[in-house]
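The values are calculated or read from the model by the stated rules, or taken from the named source; none is laboratory data. The shown structure was predicted, so the numbers you read here are calculated from the model rather than taken from an experiment. So basically every Cβ, Gly included, is an ideal-geometry build from the backbone, and we count neighbours across all protein chains shown. Ligands, DNA and RNA are excluded from the accessible area calculation, which covers all protein heavy atoms including side chains. Shrake-Rupley method; radii C 1.70, N 1.55, O 1.52, S 1.80 Å.
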Amino acid sequence: MTDSGVLIILSGPSGSGKDTVLNKLTENRDDIKISISMTTRQKRNDEIDGLNYYFVSREYFEKKIADNNMLEYAEYANNLYGTPKAPVDEMLRNGKAVILKIEVQGAEKIRKIYPEVISIFLMPPSVRVLEERLRGRNSEDEETLNHRLVIAREEIRRAPEYDYIVINDTVENAVAGIETIINAERQKTFRNKKIISEVINNV
Ligand code: 5GP
């Protein structure tokens, strides 16, 4: 990564609380941005097109792939999800910490493109809690919900592929965990080479 920004993957099974945690995390941090994905799934009632996702047809999505506009994409529970490339590149150029809220297959692809990417797995305290949260959300029919629970178990088994595991027992704990990781990453030496000559030249 030659940009001054920091690229971060946040994965976690459906119902692990990624949205709640990220909303809280970005409330007071203008230096942390969330990439807005494109998806072919149906919009839920509480979602806004262009804010939560870009909701598009499969045909439109496939055209974007063919035009090489997607950084990565994956099929998840019978729908396509992907990261539009240009906005991520721009946010990184502007020095932002950019979070990709993506599932495990997408994470695998991004690691190949950006080896320095930081990956975080948001872990629910238990599968029981996960199921309760999914049911409470009331946004899926029984079949979709069960499909998501099957995928969730597979995803949790792949958590060791990530650099960090943050447990979402409370939103506050999860936000603090992710903030700590981002703050430490920003202070890595290879991101701060310029500061050495700046300090020396200003004495
Ligand atoms: P949901 O339908 O619950 O919003 O998302 C389903 C899964 O797709 C979640 O694990 C979410 O993180 C993932 N996802 C959302 N956007 C993207 C994306 O751009 N790329 C990939 N690979 N996964 C995504």
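What are the lysines whose alpha-carbon lies under 24 Å from the alpha-carbon of residue 18, with same-chain residues fewer than 8 places away excluded?
33, 43, 85, 96, 101, 109, 112
Heavy-atom accessible area per residue, the chain, 1.4 Å probe: how many Å²?
Heavy-atom accessible area per residue stands at 55 Å².
Counting only protein heavy atoms and a 1.4 Å probe, tell me what percentage of segment 1-133's accessible area is made up of carbon and sulfur.
Its accessible area is 47 percent carbon and sulfur atoms.
Give me, ordered by chain and number, the residues 5 or more places off residue 34 or on other chains with an amide H under 5 Å from its own placed amide H.
Amide H to amide H, under 5 Å and 5 or more residues apart or across chains, residue 34 pairs with 99.
Let me have the 222 nm mean residue ellipticity of the chain computed from DSSP H runs of 4+ only, each contributing -39500 (n - 2.57), with the sum over all residues rounded to the nearest 500. List each step's numbers first, then the result.
Values: 8 runs with 90 residues, N = 203.
About -13500 deg cm²/dmol.
What list of ³J(HN,Hα) couplings, whole Hz, do you get for segment 146-162 from phi and the Karplus terms 6.51, -1.76, 1.60, once you set θ to phi - 60° and write x for glycine and proline?
5, 4, 5, 5, 5, 4, 4, 4, 5, 5, 4, 4, 8, 4, x, 6, 8
What is the set of long-range amide H partners of residue 123 at a cut-off below 5 Å, with H atoms built 1.01 Å from backbone N?
For residue 123, whose amide H was placed from the backbone, the distant partners under 5 Å are 166, 167, 168.
Quick one: what are the phi-derived ³J(HN,Hα) couplings along segment 188-198, Karplus 6.51/-1.76/1.60 with θ = phi - 60°, whole Hz, x for glycine and proline?
These are the phi-based 3J(HN,Hα) values: 4, 4, 5, 8, 10, 5, 4, 4, 5, 5, 5 Hz.
Of 144, 40, which has the most accessible area with a 1.4 Å probe, and how do the rest follow in descending order? Can you show the working numbers first?
Working: 144 50, 40 25 Å².
Highest to lowest solvent-accessible surface, that is 144, 40.
Might you report the magnitude of the Cβ-based charge dipole of segment 23-102 about its Cα centre, with Lys and Arg at +1 and Asp and Glu at -1, to the nearest 20 debye?
Values: 13 positive and 13 negative charges, 21 e Å.
Rounded to the nearest 20 debye, it is 100 debye.
Just to check I understand the Karplus step: with θ = phi - 60° and J = 6.51 cos²θ - 1.76 cosθ + 1.60, what whole-Hz values come out for segment 48-58, glycine and proline as x?
Here the 3J(HN,Hα) series is 10, 5, x, 10, 7, 8, 9, 8, 9, 7, 4 Hz.
Given the protein chains as shown and a 1.4 Å probe, how many square angstrom of residue 51 are accessible, to the nearest 10?
Here the residue's solvent-accessible area equals roughly 110 Å².
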